[in-house]
Amino acid sequence: MSQRKEQLILLLIDGLMVNVAWAVYYHFRVTSDLFTTPMEPLFWEPMIIVGIFWLLLFMFFGLYRPWHAESRFDELITIAKTTTTGIIILFFLIFIDDAITNDPATSRLLIIAYWLIMTVCVGFGRAVYHTTTRRLILSGKISRNTLIVGSLTQSRELYEQVLKYPFLGFNVQGYVSTEEVLEPTRVPLLGTTENLEHVLATNDIQEVLVALPSTDHELLLDIIGKCSAYNVKIKIRPDMYDIISGQARTNQIYGIPLIEITPQLMQPWERVVKRLMDITVSLFVLLLGLPLWLIVALAIKLGSPGPVFYTQERVGKNGRIFRILKFRSMYQNAESGSGPRWADKDDPRVTPVGRILRRMHLDEIPQFFNILEGSMSLVGPRPERPFFVEQFIKEIPLYRRRLNVRPGITGWAQVKHKYDATMEDVRNKLRFDLFYIENMSLRMDVKILIHTVLRMLLARGQA
């Protein structure tokens, strides 16, 4: 079952159980004669409003992320936390009809009753879903195409473990070897790591289980880099030494210690807030600074012949090509003779006005339109041109992981490192980009934005 289909089913089940909870609460509050009600409140309109509220809150708290290998207890705790937060919000918004009465004891009883009803109903719906799903997995009707990558010995051990836990839903399609295999294998041998990308593309793989010695760092990075171009989840079976020495933080999935390499690092509520922050800041900058942007546009037009704006193809999230928008800082047709090339310090292609704009990063301002349309974010890896991305991927396979997130106007690599001038610069900046991707948070975004504003005020950009 695809993740999107699983999310849709859970959304429908939660919607049903939220409405059931409202009906039970309404009966308890209004028609049970346990409480005095001067006038019978509405039923359908509040149910629709409250239902939408709960589903949005569930999304916000990450209740629609994959839970198939998570503890049911952990899921129930998350549900309880979410309903508790929702009840507090509803209490202050007074969406719970007549929840506040003249009798404080009655008010508290009604609030606790609705919280208990909601938690039980949603928890029951989830339990029914997971029980049904587990039976379908055991019957073979639901599974996830899985590929094992690694050395022969460790891959064989991992495969034996997977067979012991069929309710994990791993449908092992085959095995990709990191070494030459001469003896027959129990699981089909699909090739070596050299043709890993072809195997992923032709077998509709959803999960990749990696079994390698902890010393094979370069090979592990190569495997992760090749998998980054595909929408697959990567889990690594750590060495026992790694577990004992504490070098690897593992998740126990039904007794199998696995390290999740590509988790969804930002919580759903953080992703929502990040996007809202992108939109809010972009509108604020574009509208509040409009008089200054008109002056900049006039200076560009008077400074050299050519258009005010400059567009160029860049590679965005998941490899999608989009056109970036900037104030023109170079002479028109600056690359007509040289072709694509990196910008140099004191680049002769840059106009006098362009030097000022680039030092203060003002040439980047039109990219806020790219943010509004969703191609970019305020903070993220720098979007590169397709010509350079193809080169970088050939030289550095792990470079593909930069394409897992939206590119940004600014980023950790931009504030910590100079402009790219050599392939070594690209490698160094990649370290900063990967650090950002693996540690994405609103706190880090704010920190990077503060660094960027300081650089703009001190005019530390490259001219």
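The values are calculated or read from the model by the stated rules, or taken from the named source; none is laboratory data. Note that the structure is a prediction, hence the values are computed from the model and not measured. Quick reminder, even Gly has a Cβ in these numbers, built from the backbone with ideal geometry, and neighbours come from all protein chains shown.
Is it the case that region 433-449 has a residue that's in the same structural domain as Gly319 (by TED's automatic domain parsing), under 23 Å from Arg323 (Cβ atoms), of a type outside the set (S, T, N, Q) and in contact with a Leu (Cβ under 9 Å, 6 or more places away or on another chain)?
Looking through region 433-449, none of the residues is in the same structural domain as Gly319 (by TED's automatic domain parsing), under 23 Å from Arg323 (Cβ atoms), of a type outside the set (S, T, N, Q) and in contact with a Leu (Cβ under 9 Å, 6 or more places away or on another chain).
Being modelled with pLDDT of 85 or more and either within 23 Å of Ile279 (Cα to Cα) or touching a helix residue (DSSP H, G or I) at 6+ places or on another chain (Cβ under 7 Å) (or both): is that true of Arg358 here?
So Arg358 does not fit the description; no.
Which is closer than 24 Å to Asn404 by Cβ and of a type in the set (Val, Ile, Thr), of Val208, Val181?
Testing whether each residue is closer than 24 Å to Asn404 by Cβ and of a type in the set (Val, Ile, Thr) leaves just Val208.
What number of residues within region 362-388 satisfy the criterion of being out of contact with any Gly (no Cβ under 8 Å at 6 or more places or on another chain) and part of a helix (DSSP H, G or I)?
12
Please go through region 406-431 and give me each residue that is assigned to a loop (DSSP other than H, G, I, E, B) and at pLDDT 90 or above, ordered by number.
Listed by number, the residues that qualify are Arg406, Pro407, Gly411.
Taking only pairs six or more apart or across chains, which ones have beta-carbon atoms under 9 Å, a first residue in region 17-31 that is free of Cβ contacts under 8 Å to residues at least 12 places away in the same chain and crowded, with 19+ Cβ neighbours inside 10 Å, and a second residue that is assigned to a helix (DSSP H, G or I) and not small (Gly, Ala, Ser)?
none
For (1) modelled with pLDDT of 90 or more; (2) surrounded by 12 or more Cβ atoms within 10 Å (Cβ to Cβ), each residue gets a yes or a no:
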| site | (1), (2) |
| --- | --- |
| Val315 | yes, yes |
| Ser329 | no, yes |
| Gly337 | no, no |
| Pro340 | no, no |
| Ala343 | no, yes |
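Those residues that are without any contact (Cβ under 8 Å) to a residue 60 or more places away in the chain, among the aromatic types (Phe, Trp, Tyr) and under 30 Å from Cys227 (Cβ atoms), I need them from region 112-164; list them, please.
The answer is Tyr159, and nothing else.
Hey, any hits in region 97-118 for a residue that's at pLDDT below 65 and either among the basic types (Lys, Arg) or within 31 Å of the chain's Cα centre (by Cα) (or both)?
No, region 97-118 contains no residue that is at pLDDT below 65 and either among the basic types (Lys, Arg) or within 31 Å of the chain's Cα centre (by Cα) (or both).
Select from region 146-164 the residues that are over 31 Å from the mean Cα position of the chain (by Cα) and either over 24 Å from Glu197 (Cβ atoms) or surrounded by fewer than 16 Cβ atoms within 10 Å (Cβ to Cβ) (or both) and list them in ascending order.
Initially, region 146-164 is screened for residues over 31 Å from the mean Cα position of the chain (by Cα), giving 152-153, 156-157, 160, 164.
Correct list: Thr153, Glu157, Glu160, Lys164.
Per-residue answers, yes or no, for (1) assigned to a helix (DSSP H, G or I); (2) modelled with pLDDT under 85; (3) β-branched (Val, Ile, Thr):
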{"residue": "Thr132", "(1), (2), (3)": "yes, no, yes"}
{"residue": "Leu136", "(1), (2), (3)": "yes, no, no"}
{"residue": "Ile142", "(1), (2), (3)": "no, yes, yes"}
{"residue": "Ser155", "(1), (2), (3)": "yes, no, no"}
{"residue": "Leu182", "(1), (2), (3)": "no, yes, no"}
{"residue": "Asn195", "(1), (2), (3)": "yes, no, no"}
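Failed condition for Trp44, given (1) surrounded by fewer than 16 Cβ atoms within 10 Å (Cβ to Cβ); (2) at pLDDT below 85, with all others met?
Checking Trp44 against (1) surrounded by fewer than 16 Cβ atoms within 10 Å (Cβ to Cβ); (2) at pLDDT below 85, the one that fails is (2).
Would you check if there is a residue in region 62-72 being touching a Phe, Trp or Tyr at 6+ places or on another chain (Cβ under 6 Å), modelled with pLDDT under 90 and within 18 Å of Gln267 (Cβ to Cβ)?
no
Would a scan of region 198-208 turn up a residue that is touching a Phe, Trp or Tyr at 6+ places or on another chain (Cβ under 6 Å), surrounded by 13 or more Cβ atoms within 10 Å (Cβ to Cβ) and under 23 Å from Ile396 (Cβ atoms)?
Checked against the condition, which is being touching a Phe, Trp or Tyr at 6+ places or on another chain (Cβ under 6 Å), surrounded by 13 or more Cβ atoms within 10 Å (Cβ to Cβ) and under 23 Å from Ile396 (Cβ atoms), region 198-208 yields at least one hit.
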